[in-house]
Structures are given as structure tokens and as C-alpha cells.
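Below is one structure; the comments refer to it alone.
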Amino acid sequence: MNTGKGLIFLGPPGSGKGTQAQELSKELNIPHISTGEMLREAIAKQTALGQKAQAYVDKGELVPDELLLGLIEERLNEEDAENGWILDGFPRNVPQAEFLDQLLQKLDKFSEQAINLEVPDEVIIDRLLLRGRKDDNEATIRRRLEVYREKTQPVLDYYRQQDRLSSVDGNRKLQEVTKTLKTVVA
Ligand code: ADP
């Protein structure tokens, strides 16, 4: 039975996924699960995971799957994720997307929908430099965009081929993007 709503937010760094995921999470009353946030928290607390992940995050590389997959599985099994969730930053490569599909088959109650927020590169770089997070320096941003093209773009094709992808123009005012997203996920 498909009773839960599983939303997967895709889009390059700086596309506004995090902000929009947060808005929609409030609106739909389902948790916003950001792997980037989870990793930054683990790094701040210097947990075992945080210590292993730090160098990758600082360089703009993907953290190895084996560090993240268990974490995601645990998070999706938490009580607040029972009726749905918004994933932000996961899956970021095809093996992660396949892992998620297997996991959801086990949970057997989610209709998944992937949403691609489209924003041109020049806009992204400006936005990220303005944001100024520790990994928002020019070299790391450039690397994150490369990694996005290499590893995450194929995830878009993965969902597109299964007819599970919607694309939304993310290069508009925040509220306008939110409005469109609400109709797309309704
Ligand atoms: P952004 O999308 O703006 O680059 P995120 O907060 O989503 O930022 O991610 C920050 C960093 O965390 C990434 O550059 C990467 O190092 C790591 N990361 C986040 N999610 C994943 C993931 N699913 N797989 C591997 N690494 C990840």
C-alpha cells in the first residue's frame, strides 16, 4: 500500500533544494532529511563518522557510500518518517539511488517522486559565494559542480527513465518556486 509521500530533491549545490525542502516539510508535515546537514552535525561533534567524513566534505568530494547508507537507513526508520519524508542531498550517485529503492521495497509503503530544481551554473556560483559556508569557497564549489555533473546527473536519468522525475525552474523568486513545488507534489 502506498500511503506515504517520499520526495527526493535533486539539483546542483546552490539550487535552493535545502530552503525549498524546509518549506515543503513544514507545509506537508513530514521531516526534511538533509545528508549534508547530518554530516555537518557529525563533523561539528567530531563523531567517528564526522572524523572520517570531514576531509571529503572540505574538498567537495562525495563521502564514501559505506559511511552514509546505514545512516540513511536508520533515519528513514525513525518514527517521524513513518508517513513521508523529503530527502535533500541523497541519493547523489546511482548506487545510492539503487540502495534507496531496495530499502523502500522493504518498507513497502512509499510512492517516491524525484524533483529536479534547475538553475544555471553562473547563478549557482554567485549564490554559493554569497552563502559563505565553510565548503563554499571557489575551489570547492567548482569541484562540487563537477562531482554533480559526473555522479548526480546520472541519478536524474535514473529517475527520468522510470518516469519518476519532475523538473522545476529554480531560477525564480523563492516564493514562486515554492508555489510551483506545492502543485507538483500535490
Ligand atoms: P550542496 O548540495 O550545497 O553541495 P550539501 O549540504 O547537500 O551541499 O552537501 C555538502 C557535502 O556533504 C557534499 O559536498 C558532500 O561532501 C557531502 N554529502 C552530502 N550528501 C552526500 C551523499 N548523499 N553522498 C556523499 N556525500 C554527501
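Each value in this text was obtained by applying a stated rule to the coordinates, not by laboratory testing. This structure is a prediction, so every number in the text was calculated from the model and none was measured. Note that each Cβ is placed from the backbone with ideal geometry, even for glycine, and that neighbours are counted across all protein chains shown.
The figures follow:
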quantity: Relative contact order (%) - criterion: Cα under 8 Å, at least six apart; region: region 1-85; calculated: 38 percent
quantity: Listed residues Pro154, Ile72, Leu128: farthest to the positive end of the dipole of region 56-157 (Cβ charges); calculated: Leu128
quantity: Taking Asp135, Asp101, Asp157 and counting other C-beta atoms within 10 Å, the order from fewest to most; calculated: Asp157, Asp101, Asp135
quantity: Cβ-derived FRET efficiency at R0 30 Å, Ala55 paired with Glu78, nearest 0.05; calculated: 0.60
quantity: Difference of contour (0.36 nm per residue) and Cα-Cα distance, Asp169 to Ala186; calculated: 4.4 nm
quantity: Inter-part distance where region 1-53 and region 64-133 are each reduced to a Cα centre, Å; calculated: 7 Å
quantity: Three-way shape call for region 135-181 based on the alpha-carbon gyration tensor, with the a/c threshold at 1.5; calculated: oblate
quantity: Nonlocal Lys pairs with alpha-carbon distance under 16 Å, the chain (8 or more apart, or different chains); calculated: 14
quantity: Tyr148, Tyr56, Tyr158 arranged by Cβ crowding within 10 Å, fewest neighbours leading; calculated: Tyr56, Tyr158, Tyr148
quantity: In region 18-118, GluC sites (Glu not before Pro) in a DSSP loop with at most 11 other beta-carbon atoms within 10 Å; calculated: Glu78
quantity: Relative contact order [Cα under 8 Å, 6+ residues apart], region 4-185, whole percent; calculated: 35 percent
quantity: Rounded if a/c under 1.5, otherwise prolate or oblate - region 14-137, Cα gyration tensor axes; calculated: oblate
